[in-house]
Each structure stands twice: as structure tokens, then as C-alpha cells.
1. Would you give the gap between the C-alpha center of segment 34-58 and the C-alpha center of segment 125-191, rounded to a whole Å?
2. Using the Kirkwood radius built from alpha carbon pairs, what does the Stokes-Einstein equation give as D for the chain at 25 °C and 0.890 mPa s, in µm² per second?
3. Would you mind telling me which residue in Gly43, Gly81, Gly11 has the biggest mean-square fluctuation in a Gaussian network model of the chain, where springs connect alpha carbons within a distance under 10 angstrom?
4. Quick query: amide H of Gly86 versus all other amide H atoms, modeled in the peptide plane; which residues come in under 5 Å with a sequence gap of 5 or more or a different chain?
5. Label point 7 Å out from Glu20 along Cα-to-Cβ: which residues of segment 122-138 have amide N under 18 Å?
6. Placing unit charges on C-beta atoms (Lys and Arg positive, Asp and Glu negative, everything else neutral), compute the dipole magnitude of segment 4-186 about its Cα centre in debye, rounded to 20.
7. Can you tell me how much longer the chain between His167 and Gln58 gets when fully stretched, taken as 0.36 nm per residue apart minus their C-alpha distance, in nm with one decimal?
8. For Ala50, what is the net charge nearby, where nearby means another residue's Cβ is under 9 Å from its Cβ and Lys, Arg count +1, Asp, Glu -1?
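FYI, it's all coordinate maths here, none of it is from the lab. No experiment lies behind these values; they were computed from the predicted model shown. Cβ coordinates were reconstructed from backbone atoms using ideal geometry, including for glycine residues, and neighbour counts include every protein chain displayed.
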Amino acid sequence: MKNIIIFGAPGSGKGTYSEEIVKKYGMGHISTGDVLRGEIKAGTELGKIAKGFIDNGQLIPDELMIDILAATYDKFPAGQGVIFDGFPRTIPQAEALKKMLAERNHEMGVMVELIVAEDVLMARLLNRAIEQGRADDNEVTIKKRFDVYHNQTAPLAEWFEKEGMRHTFVWAEHPSKEAMLDAIFAYLDTI
Ligand code: AP5
Ligand code: MG
């Protein structure tokens, strides 16, 4: 399977659909958010640095994130295909990913963009707060995450467009988890 970059705002379903894609196509999954939360739980130095940024809805500095990503990617068998969930989030991260993969003679693959209205996102994340208690799922921090997404991450969609990698799936056109998955699978079956 080719590499897949799953891209979208907080709560758009990156993690949810990644799990289903992994089940169907048997590939690796890197959620940079999960990696960082794992470091926080384990009480590592990296976790201590990451916590301040995550709790405040801000991005971890690019240099740190890029090193973590490369180290995590190299743990997967070459050629298996990996879903990148939550990375890249800035243009320097995208350029670094492109370089890192080129150095390994691997392709970037495809980008799957999830578009969901902000009121739906907010409702999902507040519901997840009750179910899972993630520290950054409170209204104040969610709003900061939306701002960071709009200002720093959303402009990257154009970068993927120029690379010819961008494939967009709109929640309003497929308004159930199953319908979104059907649309995403119909596309991934062709790559
Ligand atoms: P990260 O963990 O990546 O969080 P996020 O981008 O805010 O996204 P979420 O995980 O909240 O949402 P999701 O799109 O995965 O949606 P989900 O499938 O869970 O990052 C957290 C933080 O880490 C960042 O703020 C930053 O500080 C740091 N970080 C991470 N990567 C970084 C990077 N590259 N550079 C710098 N910093 C980085 O779905 C949400 C909920 O909706 C679930 O409960 C789900 O069950 C529910 N749901 C309900 N209906 C549906 C439906 N129809 N489809 C999908 N989900 C649904
Ligand atoms: Mg997630």
C-alpha cells in the first residue's frame, strides 16, 4: 500500500478513519498526537516539553516533531505503507517529510483531507471529553486548536494540491461515519 497522509481539523475523524483503513489495508499508523500523549504518560523529558504545548492547544516546535516522526517511521517495515495522522501540520513539516521519504527512496503517496463544519467538530470533541477525558478536549483549548489549525495547518492543503496529492472528502456530502468510509475506501481501492 502507498503511504497516506490523513489531514483535517481537530475532531474531523483522522484517528477514527485511520483505524478502519489499517484494518482494511493492513498498514502502519503513526498518530503524532498519540506518540506525544504516550511520552507524557511515560513521564519522559520529551513528554514534559510536549505537555505544555498540547495543554495550551499549540503545536510542538517543528525541529522536535520532525526528529520524532523520522524515528517513529523507521520502526515500521519498509514498503508496508504508513498512515500519517496529524503530521505534517506546517509547511516545514511537509518539506521535511518529503525529504525524509526521498532519502529512503519511498514515495509520499496520497493525501486524504476531511472537511467537517466547526459546530460538528466542537460537538464531537466535547462528547469525547466525557467519554475519554483527553486533557485538551475542553472548550477553551478546542477553540485554540481550531485557530492553530486555520492559521498554521489549513494552508498546507494548497501545498498538497501542488504536489498533486490532495483528495477531499466532505462530511456534509457523506453525513455518516459509514458513508464517509465508503467514499474514502472507494478512492483508496484505486491507488
Ligand atoms: P492530535 O492528537 O493530532 O489532535 P487533533 O489534530 O486535535 O485531532 P483529534 O485527535 O482531536 O481528532 P481526530 O481528527 O483524530 O478525530 P477523531 O477520529 O478522534 O494532536 C494533539 C496535539 O498534539 C496538538 O494540538 C499539538 O499540540 C500536538 N501535535 C500533534 N501532532 C503534531 C505535529 N505534527 N506538530 C506539532 N504538534 C503536534 O474523532 C473525534 C471524535 O469524533 C471521536 O470521539 C469520534 O468517535 C467522534 N466521531 C463522531 N462521529 C464521527 C464520524 N462520523 N466520523 C469520525 N469521527 C466521529
Ligand atoms: Mg486523533
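1. 22
2. Values: Rh = 17.0 Å.
Answer, rounded: 144 µm²/s.
3. Of Gly43, Gly81, Gly11, the most mobile in the Gaussian network model is Gly43.
4. Amide H neighbours of Gly86, under 5 Å, 5+ apart: Ile6.
5. Under cut-off, by backbone N: 124-125, 128.
6. It comes to approximately 300 debye.
7. Separation in residues times 0.36 nm, less the Cα-Cα distance, equals 36.6 nm.
8. Details: positive: Arg37, Lys48, Lys51; negative: Glu39.
After counting each charged neighbour, the total is +2.
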